[in-house]
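The values are calculated or read from the model by the stated rules, or taken from the named source; none is laboratory data. All values derive from a computational prediction rather than experimental measurement. Ideal geometry is used to build each Cβ from the backbone, glycine not excepted, and the neighbour counts take in all protein chains shown. Just so you know, the surface numbers come from the protein's heavy atoms only, side chains and all, with ligands and any DNA or RNA stripped out. Shrake-Rupley method; radii C 1.70, N 1.55, O 1.52, S 1.80 Å.
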Amino acid sequence: MNIIDIINKKRLQQSLSYEELDYAFSGYLRKEVQIYQMSALLMAICINGMNDQEIIDLTNIFINSGDILDLSSVEGIKVDKHSTGGIGDKTTLVVAPIVASCGVKIAKMSGRGLGFTGGTIDKLESIPGFKTSLTSDEFIQELKDLNMVISSQTKELTPLDKEIYALRDVTGTTESYPLIAVSIMSKKIASGADKILIDLKVGSGALIHNMDDAKKLATIMQKIGHEFSKKTEIIISNMDTPLGKNIGNSLEVLEAMEVLKGDFDNDLGSLCILIATKLIGLAKNIDDDAAKKEVLEVINNGSAYNKFLAFVKYQHGDINALKVSDDTITIRSDQEGLIKHIDAKMIGEISMLLGAGRKNKDDLIDYTVGVVLHKKENEYVKVGDVLCTLYVNKIKNDFDIKKAFLIE
Ligand code: URA
């Protein structure tokens, strides 16, 4: 076999066999295939796509590139959730304690953010002392003790995804739905849960920009789940505008805690309740109404909030030491009218420039900075009303954030 023939086949829109995909991708992990060759293959895949069999084969190759977490010693159905990423998405911090309080085990390995999208691990690390790196034994023990655990992904799990993801990020090949499906599903399957819920984000602040691609991605992810005997449910949610009000690591932890304390009558709360309801339904085989009743009960009786506090303590975090910057810039409207749109991508980029996100993989982030929206879409504003507050630290700049608000 020859890597150039494989690249040419994909360039000519022909499909690749399991052996050819394995030769190229496993060869890349072993450093037998060069970075420029893999870059060319990824671009050919990005342009010409993959058929279902190729996507399933490549998922298999990704899973088998590393360890598979065995959760069979933990009793009961284990669930996992994944979001394809967006601005202000702190749903995991809310959903996991709710699900665990309902008696369902939720085992989640999460990633860090890159660029303008945030990652759950960065948000958790904004809590002083919080330990995100766990051994497999620690991961399993916490799942048994608390019904929930969230850790960073170990090096041993799907190492091929790590290599390919990093290369996609710098070769303009992130927005390929077959490659997204392989990346997400291989990680979820290797993480050991029985049932999976994917929150697929669509919009300007997401990887997927239109409904057509979202539907194709949803269908293939369900097919992959079925192939590996992991029931997979997909919800599609909007990412044209930020989710919730706070963007930035510590700020997002604070907002998640507010939802858990009962402030859920808003976009963030509604999405968290929907995801938790679906996960409970999947695990207990009950309908949405019965599952939602359980979800609301554990929020209203305080057990979900207490579960969050217990989880933070278990992973050595000190929630009372959580800090946001006390240096702020207030942004006021110079127009009167209805807020027609708040651009998720622009808000995410400004938050990143303030220090809340990384431009490059190894950049340090500032947990204390970010943006708090005081107005959301479809609210009316007068001249002088506060649109948002920037929490700043070293970079004291408003980056003309008003441009993110379309007021008419
Ligand atoms: N999230 C992932 O883990 N992988 C992708 O390719 C896109 C989003």
Candidate set from segment 380-395 (those that are surrounded by 14 or more Cβ atoms within 10 Å (Cβ to Cβ) and in a loop (DSSP other than H, G, I, E, B)); member that is modelled with the lowest pLDDT: Asn393
First in segment 165-179 and among the basic types (Lys, Arg), second anywhere and within 10 Å of the ligand (Cβ to nearest atom) and open to solvent by 10 Å² or more (accessible area, probe 1.4 Å), Cβ under 6 Å, 6 or more apart: Arg168/Thr174
Would you point out which residue out of Ser39, Ser26, Ser73 is at pLDDT 95 or above, hydroxyl-bearing (Ser, Thr, Tyr) and assigned to a loop (DSSP other than H, G, I, E, B)? Ser73
Those residues of segment 180-214 that are open to solvent by 10 Å² or more (accessible area, probe 1.4 Å) and without any contact (Cβ under 8 Å) to a residue 60 or more places away in the chain come to a total of 6
Return yes or no: is Lys307 assigned by TED's automatic domain parsing to the domain that holds Gly111, at pLDDT 95 or above and more than 16 Å from Ser126 (Cα to Cα)? yes
Contact list please: Cβ distance under 7 Å, first residue in segment 218-247 and of a type in the set (Phe, Trp, Tyr), second residue modelled with pLDDT of 95 or more, pairs at least six apart or on different chains. Phe228/Ile189
Check Ile45, Ile68, Ile35 and return the single one that is over 26 Å from the mean Cα position of the chain (by Cα) and either basic (Lys, Arg) or not assigned by TED's automatic domain parsing to the domain that holds Lys284 (or both). Ile35
Tell me, which residue of segment 116-171 that is open to solvent by 60 Å² or more (accessible area, probe 1.4 Å) and under 26 Å from Ile350 (Cα atoms) is farthest from the ligand (Cβ to nearest atom)? Val170
